[in-house]
Amino acid sequence: MASKLTFETIDEYISQFPNDIQEKLNTLRAIIKDAAPAAQEKISYQMPTFALKGNLIHFAAYKHHIGLYPGASGVAAFEKELAGYKTSKGTVQIPIEEQLPSELIGKIVKFKVDENMNKAEARRKR
């Protein structure tokens, strides 16, 4: 039985892919870092994850798409802008051959930062 790959860092995760996919994942990582400079990088659920007062967003590469996981609120808030993509409750699938929608991803990440900060503030006030 083959052992499942486990990753300690986002660099390790990205390095397993062919160069063209690595380039796309590194671009996605840069978009997220730019939108949430204070967020911490980690691996969660064996996926690259950015966290700030809780998880902001996860991403992963698959054979035919890049999966972006901003959670249900992140998908719902941008429902109209995401109409051209396959989505489910907390997931957006960006076809691997398409260019990343950088501006939209940045807006989703900033939305998640605001949401997490507001939740943390509400918890603090309790």
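Laboratory data are not the source of any read-out in this text; all were calculated from the coordinates shown. Since this is a predicted model, take the numbers as computed values, not measurements. Please note: Cβ atoms are built from the backbone with ideal geometry, for glycine as well, and neighbour counts cover all protein chains shown.
Using DSSP to call loops (not H, G, I, E or B), can you name the chymotrypsin sites (Phe, Trp or Tyr not before Pro) in region 60-121 whose Cβ has at most 16 other Cβ atoms within 10 angstrom? Write out the running numbers ahead of the final one.
Details: sites: TYR62, PHE78, TYR85, PHE111; in loops: TYR62, PHE78, TYR85.
Filter output for region 60-121: TYR62.
If you place +1 on the Cβ of every Lys and Arg, -1 on the Cβ of every Asp and Glu, and leave all else neutral, what size is the dipole of the chain about its Cα centre, to the nearest 20 Debye?
I would put it at about 760 debye.
Going by alpha carbons, how many degrees (0 to 90, nearest 10) lie between the helix axis of 102-125 and the longest principal axis of the chain?
For 102-125 against the chain, the angle is about 40 degrees.
Hand me the GluC sites (Glu not before Pro) from region 44-126 located in a DSSP loop with no more than 10 other Cβ atoms within 10 Å, in residue order please.
Filter output for region 44-126: GLU79, GLU97.
Report, in deg cm²/dmol and to the nearest 500, the calculated mean residue ellipticity at 222 nm for the chain, where each DSSP H run with n ≥ 4 adds -39500 (n - 2.57) and the sum is divided by the residue count. Working shown, then result.
Numbers: 4 runs with 54 residues, N = 126.
Counting only the DSSP helices, I get -13500 deg cm²/dmol.
If you filter region 8-64 for trypsin sites (Lys or Arg not before Pro), then keep DSSP loop positions with at most 15 other Cβ within 10 Å, what is left?
Answer by residue number: LYS63.
With a ≥ b ≥ c the root eigenvalues of the C-alpha gyration tensor of region 10-125, is it rounded (a/c under 1.5), prolate (a/b larger than b/c) or oblate? Walk me through the numbers on the way to the answer.
Numbers: a/c = 2.00, a/b = 1.35, b/c = 1.48.
Oblate.
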